[in-house]
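> Below is one structure. I have some questions about it.
The values are calculated or read from the model by the stated rules, or taken from the named source; none is laboratory data. Not measured: the values here are computed from a predicted model. Cβ atoms come from the backbone with ideal geometry, glycine included; neighbour counts cover every protein chain shown.
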Amino acid sequence: MNYCQFCPASINPTEIVLENSLCSFLQNESAVSAGSGLIIPRAHTETVFDLRPEEWRATLDLLGHVKQHLDSQHHPRPQSKFSE
Ligand SMILES: [Zn+2]
């Protein structure tokens, strides 16, 4: 199997801010905008469309946690209903 810059072995663990069993949210100091980052699956797939349904669900679940984290850290406005 080929690995890429987003595979777990390539990730700097200090950049992991939040994670669940199937994906991670990464931030680093070179972020263009305050709070920006990446949610990436742990599984390596050729394209995002090759992710399994549970990996999509885990990504969406983590996105909800990331939003709560970013809301508490950066207080962006306006608030959406996603976090309710
Ligand atoms: Zn990969």
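> Among the residues of region 32-52, what is the count of those that are within 12 Å of the ligand (Cβ to nearest atom), more than 8 Å from the chain's Cα centre (by Cα) and either assigned to a strand (DSSP E or B) or of a type in the set (G, A, S) (or both)? Quick ask: steps written out before the conclusion?
Within region 32-52, the subset within 12 Å of the ligand (Cβ to nearest atom) is 40-48, 50-51.
When the remaining residues are screened for being more than 8 Å from the chain's Cα centre (by Cα), the result is 42-48, 50-51.
From the residues that got through so far, the ones that are either assigned to a strand (DSSP E or B) or of a type in the set (G, A, S) (or both) too are 43.
Of the residues in region 32-52, 1 are within 12 Å of the ligand (Cβ to nearest atom), more than 8 Å from the chain's Cα centre (by Cα) and either assigned to a strand (DSSP E or B) or of a type in the set (G, A, S) (or both).
> Restrict the check to region 62-83 and report whether at least one residue is of a type in the set (D, E), loosely packed, with under 15 Cβ neighbours inside 10 Å and either under 16 Å from the mean Cα position of the chain (by Cα) or not in a loop (DSSP other than H, G, I, E, B) (or both). Quick ask: steps written out before the conclusion?
So the first thing to find is which residues in region 62-83 are of a type in the set (D, E), and the list is 71.
Now narrow it down to the ones that are loosely packed, with under 15 Cβ neighbours inside 10 Å: none.
Within region 62-83 (the criterion being of a type in the set (D, E), loosely packed, with under 15 Cβ neighbours inside 10 Å and either under 16 Å from the mean Cα position of the chain (by Cα) or not in a loop (DSSP other than H, G, I, E, B) (or both)), the answer is no, since none of the residues qualifies.
> Would it be correct to say that E29 is among the charged types (D, E, K, R), loosely packed, with under 13 Cβ neighbours inside 10 Å and either part of a helix (DSSP H, G or I) or within 10 Å of the chain's Cα centre (by Cα) (or both)?
Values: among the charged types (D, E, K, R): yes; loosely packed, with under 13 Cβ neighbours inside 10 Å: yes; either part of a helix (DSSP H, G or I) or within 10 Å of the chain's Cα centre (by Cα) (or both): no.
For E29, the condition - among the charged types (D, E, K, R), loosely packed, with under 13 Cβ neighbours inside 10 Å and either part of a helix (DSSP H, G or I) or within 10 Å of the chain's Cα centre (by Cα) (or both) - is not met.
> If you go through region 16-26 one residue at a time, how many are part of a strand (DSSP E or B) and closer than 20 Å to P53 by Cα?
Start the filter on region 16-26 by keeping residues that are part of a strand (DSSP E or B), which leaves 16-19, 23-26.
Keeping just the survivors that are closer than 20 Å to P53 by Cα gives 19, 23-25.
Summing the residues that are part of a strand (DSSP E or B) and closer than 20 Å to P53 by Cα in region 16-26 gives 4.
> Among L62, L22, L18, which is the only one that is aliphatic (A, V, I, L, M), modelled with pLDDT of 95 or more and within 16 Å of the ligand (Cβ to nearest atom)? Working first, answer last.
On the way: L62 fails: within 16 Å of the ligand (Cβ to nearest atom); L18 fails: within 16 Å of the ligand (Cβ to nearest atom).
The match here is L22.
> In region 1-15, what residues are assigned to a loop (DSSP other than H, G, I, E, B), among the polar types (S, T, N, Q) and either near the ligand (Cβ under 10 Å from one of its atoms) or in contact (Cβ under 8 Å) with a residue 24 or more places away in the chain (or both)? Let's see the steps before the verdict.
Going residue by residue through region 1-15, those that are assigned to a loop (DSSP other than H, G, I, E, B) are 1-7, 11-12.
If we keep only those that are among the polar types (S, T, N, Q) as well, we get 2, 5, 12.
Listed by number, the residues that qualify are N2, Q5.
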